[in-house]
Amino acid sequence: MSHLSIPPDLNPYLQTADWAGDMVPGQDIGVRLQAFLGWINNYGHLPYEKQQEMLWELGGVEIGVGTLVATNERVQQAIKASITLVKQLVKADTTQRSRG
C-alpha cells in the first residue's frame, strides 16, 4: 500500500493517506468527471485534444490523452449492459406496435 505524505505545516491533522488498491495516483478522476467526459466524447463528439483544452481552461485540470481514452473505455464498459437492455426494449416495443 502506498502512502501520500503531507508536510505537517500544510495540514497538521493529516500525516498520511492510504491509496485505494485500484487507484493510480495522479491519474484517477472522480465519477462525475468520468461521466461528463464519457458524455462529451460520445454525444458531444469532442476530440480528446479539445477535452484536454476544455479541462485546463475550466478547472486547471491537466490530463493526458491516454487517460481520457482509458476513461472513455471504462465508461463505455460500465454502461454497456444498460444500453443493450434499452435497445432490446425499444426493439420489442417497436415490433409489438407494428403487429398491433
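Taken together, the values in this text are just the output of simple stated rules run on the coordinates, not laboratory data. Just so you know, these numbers come straight off a predicted model, no measurement behind them. Methodologically, a virtual Cβ is constructed for each residue, glycine included, from the backbone with ideal geometry; neighbour enumeration extends over all protein chains shown.
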Flagged in the range 72-88 as aliphatic (A, V, I, L, M) and surrounded by 10 or more Cβ atoms within 10 Å (Cβ to Cβ), in numbering order, are V75, A78, I79, I83, L85, V86
Selection from the range 56-100 of residues farther than 19 Å from L46 by Cα and not in a helix (DSSP H, G or I) yields G100
Log entry, pairs with first residue in the range 36-65 being farther than 20 Å from Q77 by Cβ, second being in a loop (DSSP other than H, G, I, E, B), beta carbons closer than 7 Å, six or more apart or on different chains, reads Q52/I63; L55/V61; L55/I63; W56/E62
